[in-house]
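Notes to accompany the following structure.
The values are calculated or read from the model by the stated rules, or taken from the named source; none is laboratory data. Values in this document were obtained by computation on a predicted structure and should not be read as measured data. Note that each Cβ is placed from the backbone with ideal geometry, even for glycine, and that neighbours are counted across all protein chains shown. Protein only, heavy atoms only, side chains kept; ligands, DNA and RNA dropped before computing areas. Shrake-Rupley method; radii C 1.70, N 1.55, O 1.52, S 1.80 Å.
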Amino acid sequence: MAELAADSQELLERGYMQYGCAHYKRRCRIRAPCCNEIFDCRHCHNEIKNSIHLDQKERHEIPRHEVDQVICSLCGAEQEVRQECMNCGVCFGKYFCETCKLFDDDTSKKQYHCNGCGICRIGGREKFFHCHKCGCCYSAILKNGHPCIEGAMHHDCPVCFEYLFDSTNDVSVMPCGHTIHQSCLNAMRDHFQFACPLCSKSVCDMSKVWEKFDMEIAATPIPEPYQNKVVWILCNDCGKTSKVQYHVVAQKCLNCRSYNTRLIG
């Protein structure tokens, strides 16, 4: 019995972390139900079949939940979706989700299936929660402290326009509740852009910057033609309107003291 158990374990471990692609370590390939071609994974399919180099009419993405055939990477047997090969007995992936048809030997990603999202996520179930209004999983740190925006993740990144919901790149939730790729947010900061591309609210604490604006304005005399000019402004941060003295540098919100404002009259 001990020998049989050892043989069975050896079979399950055969080829472990030796097969797969740039996206997943797995011991099977999938047959795409949309075009009937074989690929290492859905991402490999989409990179080829949804490429800008193809005619737009031919571009498509694989319907991940409709995958029903896999091909063993070790023996080549094609079969219905399952975790272990029905021919040679090898395990296709230590992590297996029957709903998403997902296989992965690299369990260090701490994959889990979210019923709310309807797809698998990574990072460990205990570190995330599903916000039903936003329609996505967020870090548990944000559970009691994020502004809900309905369908916040079900749109494109406002910078690079990649769809965020199932993006493989890290996504950040800005203080306003809108979402963006973390790398795109970093690129904005590198170019001194500190306002949400969607609603124009500040994406970080700008109090130190506003203090510098105070000093700059104090040191900059108002030109004579503008000394008696009064304007109405709208604050992008708090949404309040104010009637203020015009200044060539910037206009300060009387409610929240932000300089992230715009002239409205």
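Once a ≥ b ≥ c are taken as the square roots of the eigenvalues of the Cα gyration tensor of the range 1-138, is the result rounded (a/c under 1.5), prolate (a/b larger than b/c) or oblate (a/b not larger than b/c)? Walk me through the numbers on the way to the answer.
Numbers: a/c = 2.29, a/b = 1.23, b/c = 1.86.
Oblate, since a/c reaches 1.5 and b/c is not below a/b.
Loop only per DSSP, at most 16 neighbouring Cβ atoms within 10 Å: give me the chymotrypsin sites (Phe, Trp or Tyr not before Pro) in the range 204-265, ordered by residue number.
Working: sites: TRP210, PHE213, TYR226, TRP232, TYR246, TYR259; in loops: TYR246, TYR259.
Those satisfying the criteria are TYR246.
Loop-only check: which GluC sites (Glu not before Pro) in the range 36-89 are DSSP coil with at most 11 other Cβ within 10 angstrom?
The qualifying sites are GLU58.
How long are the semi-axes of the equivalent ellipsoid of the range 113-191, taking √(5λ) for every eigenvalue λ of the Cα gyration tensor, in whole Å from largest down?
Values: eigenvalues 80, 37, 30 Å².
So the equivalent ellipsoid measures 20, 14, 12 Å along its semi-axes.
Need one value: the accessible area of MET174 in square angstrom, 1.4 angstrom probe, rounded to the nearest 10.
10
Using the Kirkwood radius over Cα pairs, work out the Stokes-Einstein diffusion coefficient for the range 112-152 at 10 °C and 1.306 mPa s, in µm²/s as a whole number. Please list the in-between numbers first.
Working: Rh = 10.3 Å.
Taking Rh from Cα pairs, D becomes 154 µm²/s.
Strictly greater than 15 Å: what percent of every Cα pair in the range 142-227 meets that?
On the way: 2372 of 3655 pairs.
Tail fraction, whole percent: 65.
Just want to confirm a number: the relative contact order over the range 218-263, from Cα pairs under 8 angstrom separated by 6+ residues, in percent. Walk me through the intermediate numbers first.
Working: 75 pairs, mean separation 16.1, N = 46.
Reported as a whole number, the value is 35 percent.
What does the charge dipole of the chain about its Cα centre add up to, to the nearest 20 debye, if the Cβ of each Lys and Arg holds +1 and the Cβ of each Asp and Glu holds -1? Don't skip to the end; give the middle numbers.
Numbers: 31 positive and 32 negative charges, 235 e Å.
Roughly 1120 debye, rounded to the nearest 20.
Lysines within cross-link reach of LYS201: Cα-Cα under 22 Å, excluding same-chain residues under 8 positions apart?
Reachable lysines: LYS133, LYS143, LYS212, LYS240, LYS243, LYS252.
Based on the Cα coordinates of the range 30-103, what is the per residue volume of their convex hull in Å³?
In the range 30-103, the Cα hull volume divided by residue count equals 80 Å³.
In nm, what is the difference between 0.36 nm times the number of residues separating ALA218 and GLU37 and their Cα-Cα distance?
Numbers: separation 181, 0.36 × 181 = 65.16 nm, distance 6.79 nm.
Full-extension gain reported as 58.4 nm.
Rounded to two decimals, what ratio of Rg to Rh does the chain give with C-alpha atoms and a Kirkwood Rh?
Numbers: Rg = 26.5 Å, Rh = 22.6 Å.
Result: Rg/Rh = 1.17.
Which one of CYS100, ALA32, GLY118 is farthest out on the positive end of the charge dipole of the range 1-126, using unit charges on Cβ (Lys, Arg +1; Asp, Glu -1) and the Cα centre as origin?
The residue sitting farthest along the positive end of the dipole is GLY118.
Let me have the 222 nm mean residue ellipticity of the chain computed from DSSP H runs of 4+ only, each contributing -39500 (n - 2.57), with the sum over all residues rounded to the nearest 500. Provide the component values of the computation, followed by the final result.
Working: 4 runs with 41 residues, N = 265.
Calculated at 222 nm, the ellipticity per residue is -4500 deg cm²/dmol.
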